[in-house]
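Laboratory data are not the source of any read-out in this text; all were calculated from the coordinates shown. Keep in mind the model is a prediction, meaning the values are calculated, not measured. As a convention, Cβ positions derive from the backbone with ideal geometry for all residues, glycine included, and neighbour counts pool all protein chains shown.
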Protein chains: 2
Amino acid sequence: MRIGELAEVTGVSAPTIKYYVREGLLPTGERTSPNQVRYSPAHVRRIKLIRAMLEVGGLSVAAAREVLAEVDSPDRTVHGMLGVAQSAVTRSAAGRGTPQEWERAERDVAELVRRQGWAVKPANPGWQALVQIVVTYRDLDRDDLLTLLDAYAGAAGELARAELATVADVPTTDGKAEGVVLGTVLGDAALAALRRIAAEDASARVGSDHRSA
Amino acid sequence: MRIGELAEVTGVSAPTIKYYVREGLLPTGERTSPNQVRYSPAHVRRIKLIRAMLEVGGLSVAAAREVLAEVDSPDRTVHGMLGVAQSAVTRSAAGRGTPQEWERAERDVAELVRRQGWAVKPANPGWQALVQIVVTYRDLDRDDLLTLLDAYAGAAGELARAELATVADVPTTDGKAEGVVLGTVLGDAALAALRRIAAEDASARVGSDHRSA
């Protein structure tokens, strides 16, 4: 199909499609004459995936480029793809706190990981982000909120197993790759959205003396 | 204390402190002479809270200002604070999809909310974000990922109850208000970080045939 048709099918304008090509997110189409390029159904699907990452998942173009490079890599693995997708969506730690506070929080996170029985090293992109959060809670004297981390960890573990089982059921390599990317990027967004809904329900149930807190 | 001391105690530079005041995030100090302003321990705490929201939670200055205005409001309630904090952290729906796709996804979300027994209306900031995610999964023919939403919802419900119980235990109104803000803003970040760690563990456990997917 030509670029006009591709734009119509995907709902993404031709200039935006050209931008995706320039930014290395979308492979160029096949040039069939000096001023005509043809696109395939694979381009339609790729544009949908790009939109999902940028507009719904909130990834930067640079992060999306990195993830798609891994999706397109011939020697990709589910484990490798997960690493790239995870790095792309994780906010880097702000690095606030003294070295002592940081070390203490590092030990807390290592303990939490041990309690969950997880065989994961501090190089994991989530690890340092979590250390920063522990430093922040402690800096604000909110040890009460620290106690919630085990509940978060338990839920994260259960969901990780469910997500992985879903991805494992997909027959094709392309489908598995895409499942890992979407599970990581949109999974965070879906869970955050559901936390908003669940919190409103829980708060409304507590009743009037809580409301006038 | 003077601004120099405030900067030293908080680790935030004097120009940044002045920026927080100009942006309406931090109340101005007490002017004790034409060129001297004094700050209190309340300013130290507020600066820590601002840093947590901006640097660790990733909120915009505008979103943080809105949340803090509610924290400072004399007629704040836990339920009202939750609404403001939730709106501040939730990505607005991109509005992708046809009206038909949107309506179908609206029905899916309403069904999911009903299955959880949640008494929440579509005006909730998470609701429309979730509709957009359902539209996106369907657009990519990933109904397999849609089936994960009930697991996410179950986890979100459990965590909301645990968070609310923690906040209810805080004796002071200020502490409750801050707990709601931090629970919402940093809770998302903590859960995302733990999902990164749990996913690496789960993926590593699946073994070699999965790796070469």
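Observations on the model:
- Copy-to-copy label distances for A:ALA119, where each label lies 7 Å from Cα along Cα-to-Cβ, are 4.8 nm in order of increasing length.
- Position A:ASP169, label points 7 Å along Cα→Cβ, spacing to each other copy in nm (shortest first, one decimal): 3.7
- Entries in A:LYS121/B:LYS48; A:LYS121/B:LYS121; A:LYS48/B:LYS121; A:LYS18/B:LYS121; B:LYS121/B:LYS176 that, when Cα-Cα distance is taken, lie over 31 Å: A:LYS121/B:LYS121; A:LYS18/B:LYS121
- The overall shape of the stretch B:88-211 is oblate: from the C-alpha gyration tensor, with semi-axes ordered a ≥ b ≥ c, the ratio a/c is 1.5 or greater and a/b is no larger than b/c.
- Computing FRET efficiency as 1/(1 + (r/R0)^6) for B:THR173 and A:THR28, where r is the C-beta to C-beta distance and R0 is 56 Å, gives about 0.40.
- Relative contact order (percent, whole number), the stretch B:88-211, Cα cutoff 8 Å, 6+ residue spacing: 24
- Amide H within-cut-off set for B:ARG38, under 5 Å, with H built and near neighbours excluded: B:GLU30, B:ARG31, B:THR32
- Over chain A: helical MRE at 222 nm, DSSP H runs n ≥ 4 each giving -39500 (n - 2.57), nearest 500: -22000 deg cm²/dmol
- Linear extension gain, B:ARG104 paired with B:GLN36, 0.36 nm per residue minus alpha-carbon span: 18.3 nm
- Its Kirkwood hydrodynamic radius, worked out from the mean inverse distance over all distinct Cα pairs, puts the stretch B:68-125 at 13.7 Å.
- For chain B, the membrane-span-like helix rule (DSSP H, alpha carbon extent of at least 20 Å along the helix axis, mean Kyte-Doolittle at least 0.5) picks out B:149-168; this says nothing about an actual membrane.
- For chain A, modelled as a GNM whose springs connect Cα atoms under 10 angstrom apart, the maximal fluctuation among A:LEU130, A:LEU68, A:LEU145 occurs at A:LEU145.
- According to the calculation over all Cα-Cα pairs in chain A, the P(r) per 5 Å bin from zero is 1, 6, 11, 14, 15, 14, 12, 9, 7, 5, 3, 2, 1, 0, 0 %.
- Shortest first, B:GLU30 label-point distances to identical copies amount to 7.9 nm, with the label point at 7 Å from Cα along Cα→Cβ.
- Taking only the Cα atoms of the stretch B:1-56, the radius of gyration and Dmax are 10.6, 36 Å.
- Dividing the Cα radius of gyration of the protein assembly as shown by 2.2 N^0.38 Å, with N the residue count, gives 1.04.
- For the rotational copies B and A, the chain B residue with its Cβ nearest the relating axis, together with that separation in Å, is B:ALA155, 2.
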